[in-house]
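Q: Questions regarding the structure given below will be posed in turn.
The values are calculated or read from the model by the stated rules, or taken from the named source; none is laboratory data. Treat the numbers as computed from the prediction; the structure is a model and nothing was measured. All Cβ positions, glycine included, derive from the backbone under ideal geometry; neighbour counts span all protein chains shown. Only protein heavy atoms, including side chains, enter the accessible area calculation; ligands, DNA and RNA are left aside. Shrake-Rupley method; radii C 1.70, N 1.55, O 1.52, S 1.80 Å.
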Amino acid sequence: MLVHLLPLSCARPRPAAAACSSSRNGPSSCADSGPWARAGGRGARRRAMRGRTDVEPETPRRGRRGGSGGGDDDGHDPHGAGSGGAALLETVRRLLLAREEADAEGDEKEEEEQGQFPKRWAIVFLCFSAFLLCNMDRVNMSIAILPMSAEFGWNPQTVGLIQSSFFWGYLLTQIAGGIWADTVGGKTVLGFGVVWWSIATALTPIAAKLGLPFLLVVRAFMGIGEGVAMPAMNNILSKWVPVSERSRSLALVYSGMYLGSVTGLAFSPLLIHKYGWPSVFYTFGSLGAVWFTTWATKAYSSPLEDPGISAAEKKLITSQSTAGEPVKTIPWKLILSKPPVWALIVSHFCHNWGTFILLTWMPTYYNQVLKFDLMESGLLCVLPWFTMAVSANVGGWIADTLVSRGVSVTTVRKIMQSIGFLGPAFFLTQLSHVNSPAMAVLCMACSQGTDAFSQSGLYSNHQDIGPRYAGVLLGLSNTAGVLAGVFGTAATGYILQHGSWDNVFEVSVVLYLVGTLVWNVFSTGEKILD
């Protein structure tokens, strides 16, 4: 604030200053008028504070010679002192302005250093936790299905049917969840989803013992709850996270899914070994209640609704936010007329075909092909998902860094998604050429590690092209992704009954290549929907 005080104090008139122009008062009166008068008078001061350096004093400088008032020159250039003083003043003024701008930009950082954790990152962490639970509850069936199929006598085709039944419900709520989130707010929708799928998870053992139809219904109900999670999360982050932090925040949230797979695949065998397969569903299902208690009291759909957020952080978010007001109606015709929207839909389908096959069938692959037992199968499944969690965050930081250095968002999205397609395609083709289990696991880890770069590609693109409709757009593209899960998971069971694992991976590779082509031709990082 010194920059505002300085010119006011400098420009304050002094009674003795006017006497400098009168010869009746003598030079001693000039001396009494203070240093500003000696530097060139009020006119010089005003021009100096306006940033002028060509200052000419209104009254010549008068010096002192042993207290004598005689003479009007002290041996110095009467213009030099005024120019030098004004130049010095201008330098000080500019330094103070620069300091004030730096202080303004550092307001938020200063608040955080004083102990206030950014609320937007608290929201991101809660979404991360929800997605951790989401995949814990999803992958536990891929481990439990082995002892369950032995107990109930299920063949591979029945196993594929059970695995795909989750996607029946998941498919139903993608678009509905996006519309719901964009109109009523993401907090309500995500909270509903977690509670719903947690109850369905806990009911799974009971349904399995009642019979196959009951199990299929409960798994579909679980899919209904998880189906609203991604659209709701996308809606929340479009309002809470600035554009400059978009890739890394989404990467962190989606890494919660990968770490959820790690946690589920690591702990499920231990629980099954000690307490039996029903314990997995009871244990994981109960964790949703713990999460919901925190979510209900701490989360808000947008920073404008949060009374606890700091003014500096709210200003930062709203100044970079492109989400706008909640939508009243969905312009379906406009949305579906845009080629980048269809690029999202097709690419999401191609991406999820391979991802969901690995998600649901990997333990079976390890057990049947690599001859690992249940404990080894679950523990070795951890490595690829842990690799995804790490590489997703690495990809997010790379993407945000490229954007901050001036690379266009379109270019960044295309680069990251091309890695997310071509990386898995390459490593899956190597599986048929490796002979050792260690190399097979390494190929799986590399495949899924490169797959995770998609979080900074197509998964970030919904907020790029239509931030106000981020939930609806994700619902649309993820519907296609879910269809890939439904058909891909069921088709894998059919292929295995009539073919081999090589055939399963070949189909995934072809779709990855198709997705790469469509994405690079039609996608964009620019906003196309207001």
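Q: Select from region 430-447 the residues that are crowded, with 17+ Cβ neighbours inside 10 Å and out of contact with any Leu (no Cβ under 8 Å at 6 or more places or on another chain) and list them in ascending order.
A: Within region 430-447, the subset crowded, with 17+ Cβ neighbours inside 10 Å is 431, 440-447.
L431, L442, C446, listed by residue number.
Q: When you check F167 against the structure, is it assigned to a helix (DSSP H, G or I), farther than 15 Å from A289 by Cα and either at pLDDT 90 or above or touching a helix residue (DSSP H, G or I) at 6+ places or on another chain (Cβ under 6 Å) (or both), yes or no?
A: Details: assigned to a helix (DSSP H, G or I): yes; farther than 15 Å from A289 by Cα: yes; either at pLDDT 90 or above or touching a helix residue (DSSP H, G or I) at 6+ places or on another chain (Cβ under 6 Å) (or both): yes.
So F167 fits the description; yes.
Rundown of residues vs (1) at pLDDT below 90; (2) under 30 Å from K239 (Cα atoms); (3) under 19 Å from the mean Cα position of the chain (by Cα), yes/no style:
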position	(1), (2), (3)
P424	no, no, no
F427	no, no, no
H433	yes, no, no
P437	yes, no, no
C443	yes, no, no
G475	yes, yes, yes
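Q: Quick check on my filter: what residues within region 122-164 are at pLDDT 85 or above, surrounded by fewer than 19 Cβ atoms within 10 Å (Cβ to Cβ) and in contact with a Leu (Cβ under 9 Å, 6 or more places away or on another chain)?
A: Scanning region 122-164 gives F125, P147, F152, W154, T158, L161.
Q: Can I ask one more? Would a scan of region 391-410 turn up a residue that is basic (K, R), free of Cβ contacts under 8 Å to residues at least 12 places away in the same chain and open to solvent by 10 Å² or more (accessible area, probe 1.4 Å)?
A: Checked against the condition, which is being basic (K, R), free of Cβ contacts under 8 Å to residues at least 12 places away in the same chain and open to solvent by 10 Å² or more (accessible area, probe 1.4 Å), region 391-410 yields at least one hit.
Residue-by-condition table, conditions (1) in a helix (DSSP H, G or I); (2) surrounded by fewer than 23 Cβ atoms within 10 Å (Cβ to Cβ); (3) without any contact (Cβ under 8 Å) to a residue 12 or more places away in the chain:
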site	(1), (2), (3)
L216	yes, yes, no
M230	yes, no, no
A251	yes, no, no
H273	yes, yes, no
F281	yes, no, no
V290	yes, yes, yes
Y300	no, yes, no
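Q: Moving to a separate point now. For the list (1) under 30 Å from L171 (Cβ atoms); (2) open to solvent by 10 Å² or more (accessible area, probe 1.4 Å); (3) within 19 Å of the chain's Cα centre (by Cα), I need the number of the one condition that H462 fails.
A: With respect to (1) under 30 Å from L171 (Cβ atoms); (2) open to solvent by 10 Å² or more (accessible area, probe 1.4 Å); (3) within 19 Å of the chain's Cα centre (by Cα), H462 is out only on (2).
Q: A further question follows. Of the conditions (1) open to solvent by 30 Å² or more (accessible area, probe 1.4 Å); (2) in contact with a His (Cβ under 9 Å, 6 or more places away or on another chain); (3) among the polar types (S, T, N, Q), T188 clears all except one; give me its number.
A: Unmet for T188, out of (1) open to solvent by 30 Å² or more (accessible area, probe 1.4 Å); (2) in contact with a His (Cβ under 9 Å, 6 or more places away or on another chain); (3) among the polar types (S, T, N, Q): (2).
Q: Ok, one more. Given the residues S454, S432, S436, S477, which is the only one that is more than 22 Å from I419 (Cβ to Cβ), touching a Phe, Trp or Tyr at 6+ places or on another chain (Cβ under 9 Å) and of a type in the set (S, T, Y)?
A: On inspection, the qualifying residue turns out to be S432.
Q: For T158, indicate whether it is touching a residue at least 12 places away in the same chain (Cβ under 8 Å) and more than 26 Å from V262 (Cβ to Cβ).
A: Details: touching a residue at least 12 places away in the same chain (Cβ under 8 Å): yes; more than 26 Å from V262 (Cβ to Cβ): yes.
So T158 fits the description; yes.
Q: Do we find that T524 is surrounded by fewer than 20 Cβ atoms within 10 Å (Cβ to Cβ), closer than 26 Å to V262 by Cβ and of a type in the set (S, T, N, Q) in this structure? Quick ask: steps written out before the conclusion?
A: Values: surrounded by fewer than 20 Cβ atoms within 10 Å (Cβ to Cβ): yes; closer than 26 Å to V262 by Cβ: no; of a type in the set (S, T, N, Q): yes.
No: the conditions fail for T524.
Q: Kindly establish whether G264 is of a type outside the set (A, V, I, L, M, F, W, C), crowded, with 24+ Cβ neighbours inside 10 Å, within 29 Å of M416 (Cα to Cα) and in contact with a helix residue (DSSP H, G or I) (Cβ under 9 Å, 6 or more places away or on another chain).
A: Values: of a type outside the set (A, V, I, L, M, F, W, C): yes; crowded, with 24+ Cβ neighbours inside 10 Å: yes; within 29 Å of M416 (Cα to Cα): yes; in contact with a helix residue (DSSP H, G or I) (Cβ under 9 Å, 6 or more places away or on another chain): yes.
Taking the combined requirement at face value, the residue satisfies it.
Q: Let me ask something else about it. Residues of region 315-339 being part of a helix (DSSP H, G or I), open to solvent by 60 Å² or more (accessible area, probe 1.4 Å) and modelled with pLDDT of 85 or more, which ones?
A: Answer for region 315-339, where residues must be part of a helix (DSSP H, G or I), open to solvent by 60 Å² or more (accessible area, probe 1.4 Å) and modelled with pLDDT of 85 or more: W332, K333, L334, L336, P339.
Q: Scan region 170-197 residue by residue and report those that are under 21 Å from M136 (Cβ atoms) and not in a helix (DSSP H, G or I).
A: Matches in region 170-197: T173 only.
Q: Another question, if that's okay. Just a yes or no: is a residue in region 449-458 open to solvent by 10 Å² or more (accessible area, probe 1.4 Å), aromatic (F, W, Y), modelled with pLDDT of 90 or more and under 30 Å from G169 (Cβ atoms)? Walk me through it before giving the result.
A: From region 449-458, those open to solvent by 10 Å² or more (accessible area, probe 1.4 Å) are 450, 453; that's our starting set.
When the remaining residues are screened for being aromatic (F, W, Y), the result is 453.
Still in the list and also modelled with pLDDT of 90 or more: 453.
Applying the additional criterion that residues be under 30 Å from G169 (Cβ atoms) yields 453.
Yes, that holds for at least one residue.
Q: So which of G178, G211 ends up being of a type in the set (G, A, S), surrounded by fewer than 17 Cβ atoms within 10 Å (Cβ to Cβ) and out of contact with any Ser or Thr (no Cβ under 8 Å at 6 or more places or on another chain)?
A: Values: G178 fails: surrounded by fewer than 17 Cβ atoms within 10 Å (Cβ to Cβ).
So the residue among G178, G211 that is of a type in the set (G, A, S), surrounded by fewer than 17 Cβ atoms within 10 Å (Cβ to Cβ) and out of contact with any Ser or Thr (no Cβ under 8 Å at 6 or more places or on another chain) is G211.
Q: What number of residues in region 506-521 are touching a His at 6+ places or on another chain (Cβ under 9 Å) and surrounded by fewer than 17 Cβ atoms within 10 Å (Cβ to Cβ)?
A: Counting residues in region 506-521 that are touching a His at 6+ places or on another chain (Cβ under 9 Å) and surrounded by fewer than 17 Cβ atoms within 10 Å (Cβ to Cβ) gives 0.
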